[in-house]
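Take a look at the structure below.
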Amino acid sequence: MPQISETKDLISVIITVLNGAKWIDGCMKSIINQTAVIKCQTNVASEAQTPFVVSKTMTSPTSTKFSTNHDTVLVQTTKQATSPILTTTKESKQELSQESLKIEICVFDDCSCDNTYNLLSAWQKALREIYNIPMTIVKNDTGQSKGVGYGRNRAIEASAGNYLCFQDIDDEMMPERIFKQYTLAKQYTNAIIGSKFTRIPNNATCRFTKWANDLSREKLMIQIYTSNGPTIIMPTWMCHRTVYNQIECGFSEEGQGCPEDLIFFYKHLDNKGTIMRVDEYLLKYRYHDEATTFSVQEKTIRHIRLKHLLQNVLKTKPWSEGFSIWNAGKQGRKFFRELPQEQKKKVTAFCDVDKNKIAKFYKYYDRFSRLQTFSIPIVHFSQVKPPIIICMKLDLTNGDFEANLSSLHLKEGQDYILFT
C-alpha cells in the first residue's frame, strides 16, 4: 500500500469499471473540470497543442493555456466544438488553501472485455503529462469479475489519499464537487459526505430522485430503512480515510448482487459515524440498463434492512416493550410474517384507513405448526399508539398518507420508523 499523505491533503478518486469504455471520456473530463484541479494543477499544462484522450468517434482536442486576471486556465476544445469543454470559475480565493489540495485517481478494471483498459491507459498518460495528476490502474486479469466491493477495496489499497472520493465511471462530477465536499469533510472527519444530484436522462427515477434530494439533514440518519437504500447515494460519497479504515474488511466482497454500499452504510452508522450532505447538485447520475444496481435483488436488500432494524431498533426500548404496524394490507402483513417469533409477540396492533379492515383482527396462521398463533386488532390510524413501524411508501397517495401522518404530530425516529 502506498504511504498515506499526512502533511498535505490528497484526494483519492476511487473508481471501479466493468466494460465502461463508452463512459470513460465523460467521467474523466468531469474530473479535470474540477475547480480544485484547475486552480492547483493546470500550471503544468503544455504551452503548445497537446494530444488528448477521446473515444474513437470524437475529434482529438487541442490544449491552449492563457492567463486571466484571476487564474491560469486550461481550455480543451475540439475542431467540431463551438464552446470550451473545460471552463473555470473566476473565484481566486477560497476559505481553505488550495495549495495543499491535490488529487489522484485510482481505478479498478474488473476484467473488462471492451476497450476499457486501453482508454484508461491513454488517460493515465494524458493526466500525468498534461495535468500532473497521477492515475493508478489495478487490473483484474483472472477472467472473472470480482464485483464492485472487491474493486473498491483494491483501488483504495492502491491509493495514498487521506480523503476518498467515490465515483462511478458512468457518472459525471459537477465542477465544484471535489472542493465543496472536501471542505465539509475537513470539518467532519467521522462523516460520509454526500450531495444532491441530477439525473441523466432528467426524467429517470423521479420519485427516488425527489426523495433523495429533498431529505432534510436530520433525516439523513433516520430514514435509513426504506427500499431506496442509503440516504446519500454511493456515487456522491466522500470521506476521510479513517471512515473507511474503521470498517473491518472495508466493502463487502460477496460479488455481483451484493448491496455493498448499504452494508458499508449501516456499519458506518453502527460505528457512531455520521452522514452529512452538501446541499448542492454536484453529480450527474446516469440511469441505464447496464447499471450494476440492477444486479441486486430487492429481497436481498430487504433482508439486510430488516436485520439492521431488528438489532438496532426493535430489540431496544421502547420498541422491545411493544409496537404497532401502520398498514393492515399486503406490506404490513408481509413485515409481520418476516419478524422473528419474539418480535411478533411485541406487535400490539395494526392501523389502517380502510373501513373494511378497521375493527377486525389480523389472524396469523403458522404454516409450520398449522395453527393460528396470533390475532391482532386493526384500528383506525388516528387511534394507533406509538412507537410505530410504517409500511407505507411515500409520495404515492397524492399526499393523503403524509397528511394523515402529520395530523398525529409524531416525531420520526422516536415515535415511528419508515420501513417501506
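The values are calculated or read from the model by the stated rules, or taken from the named source; none is laboratory data. Every value quoted in this text rests on a predicted model; they were computed, and no experiment measured them. Because the Cβ atoms are built from the backbone with ideal geometry, glycine has one as well, and the counts that use them run over all protein chains shown. Ligands, DNA and RNA are excluded from the accessible area calculation, which covers all protein heavy atoms including side chains. Shrake-Rupley method; radii C 1.70, N 1.55, O 1.52, S 1.80 Å.
Structural remarks
- Ala155 satisfies every condition listed in (1) within 23 Å of Ser195 (Cα to Cα); (2) in contact with a helix residue (DSSP H, G or I) (Cβ under 9 Å, 6 or more places away or on another chain) except (2).
- Residue that is assigned to a loop (DSSP other than H, G, I, E, B), buried (at least 17 other Cβ atoms within 10 Å of the Cβ) and among the small types (Gly, Ala, Ser), where the choices are Gly194, Gly229: Gly229
- Output for region 245-277, where each listed residue is open to solvent by 80 Å² or more (accessible area, probe 1.4 Å), in contact (Cβ under 8 Å) with a residue 12 or more places away in the chain and assigned to a helix (DSSP H, G or I): Lys267
- When the residues of region 140-159 are filtered to those that are basic (Lys, Arg) and in contact with a Ser or Thr (Cβ under 9 Å, 6 or more places away or on another chain), the one that is nearest to Cys239 (Cα to Cα) is Arg152.
- Scanning region 282-311 for residues that are exposed (fewer than 15 other Cβ atoms within 10 Å of the Cβ) and modelled with pLDDT of 95 or more turns up His303, Lys307, Gln311.
- Evaluating Ser320 against the criteria (1) in contact (Cβ under 8 Å) with a residue 12 or more places away in the chain; (2) out of contact with any helix residue (DSSP H, G or I) (no Cβ under 6 Å at 6 or more places or on another chain); (3) under 28 Å from Asp400 (Cβ atoms) leaves one unmet condition, (3).
- Among (1) in a loop (DSSP other than H, G, I, E, B); (2) within 20 Å of Leu314 (Cβ to Cβ); (3) at pLDDT 95 or above; (4) not charged (D, E, K, R), the one test that Thr420 misses: (3)
- Within region 362-417, the set of residues being assigned to a strand (DSSP E or B), basic (Lys, Arg) and either open to solvent by less than 30 Å² (accessible area, probe 1.4 Å) or modelled with pLDDT under 95 (or both) is empty.
- Test: residue in region 97-109 that is under 16 Å from the mean Cα position of the chain (by Cα) and more than 21 Å from Glu260 (Cβ to Cβ): no
- Within region 118-162, tally of residues that are in contact with a strand residue (DSSP E or B) (Cβ under 7 Å, 6 or more places away or on another chain), within 13 Å of Val17 (Cα to Cα) and touching a residue at least 40 places away in the same chain (Cβ under 8 Å): 6
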